[in-house]
1. Does residue 16 qualify as being closer than 19 Å to residue 108 by Cα, within 19 Å of the chain's Cα centre (by Cα) and among the acidic types (Asp, Glu)?
2. Has the stretch 36-58 got at least one residue that is charged (D, E, K, R), surrounded by fewer than 12 Cβ atoms within 10 Å (Cβ to Cβ) and either out of contact with any strand residue (DSSP E or B) (no Cβ under 8 Å at 6 or more places or on another chain) or at pLDDT below 95 (or both)?
3. On the basis of being closer than 19 Å to residue 34 by Cα and assigned to a helix (DSSP H, G or I), does residue 111 make the cut?
4. Surrounded by 12 or more Cβ atoms within 10 Å (Cβ to Cβ), closer than 27 Å to residue 115 by Cα, under 15 Å from the mean Cα position of the chain (by Cα) and without any contact (Cβ under 8 Å) to a residue 24 or more places away in the chain: does that describe residue 97?
5. Determine, yes or no, whether residue 79 is touching a Ser or Thr at 6+ places or on another chain (Cβ under 7 Å) and modelled with pLDDT of 90 or more.
6. Only one of 126, 146, 113 is within 18 Å of the chain's Cα centre (by Cα), modelled with pLDDT of 90 or more, of a type in the set (Asp, Glu) and surrounded by fewer than 16 Cβ atoms within 10 Å (Cβ to Cβ); which?
7. For the stretch 45-70, which positions are closer than 27 Å to residue 112 by Cα and in contact (Cβ under 8 Å) with a residue 12 or more places away in the chain?
8. Limited to the stretch 84-106, what total is found for residues that are under 27 Å from residue 26 (Cβ atoms) and modelled with pLDDT of 90 or more?
Amino acid sequence: MMDIKKILIEANRFSDDIKNVFIKEYDKILSEHDFSTKQSVVLSILEKKQKLNMNEVAEIIGGTPSAASQFIRKLESKDYVVREVNKENRREVFVLLSENGKKFFQEMNEIDEMVLEKYFMQLPEEDILKYHQILKDLHGIVTKGE
């Protein structure tokens, strides 16, 4: 019986190698759009949630609402986001993806599709289902405290 920790260490190495290949697949589009890591994180959360308020942005970037406002201003100047005043509470401002921001995610989704086709679809269906279940279980463990 192999040492389970050695197996996990090897699996992490495989995972890192795979991530590096995937990063290269996405690198071109990210460098074309000139995003910092925090900007891409905020944009991807924004894409999932549809809109964020400044307190949520501040929490994501680990800064103050004032810093969040400056951060959003940079994304606004690149035309990836727009601000919208909350109609029920005029003091609250929402941030949403602009048309340009939505177009960026369409490009990202095309790369996602290509990565799935190029790599994942080479695996047997049974392995894909096992992979999904393992990631789902690990996700549950990792995000339990959040």
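The values are calculated or read from the model by the stated rules, or taken from the named source; none is laboratory data. In this text, all values refer to a predicted model and were calculated from it rather than measured experimentally. Glycine gets a Cβ as well: all are built from the backbone with ideal geometry, and neighbour counts include every protein chain shown.
1. The answer is no for residue 16.
2. Yes, the conditions are met somewhere in the stretch 36-58.
3. So residue 111 passes the test.
4. no
5. yes
6. From the options 126, 146, 113, the qualifying one is 113.
7. Hits for the stretch 45-70 are 45, 46, 47, 50, 51, 52, 57, 60, 61.
8. Qualifying residue count for the region: 11.
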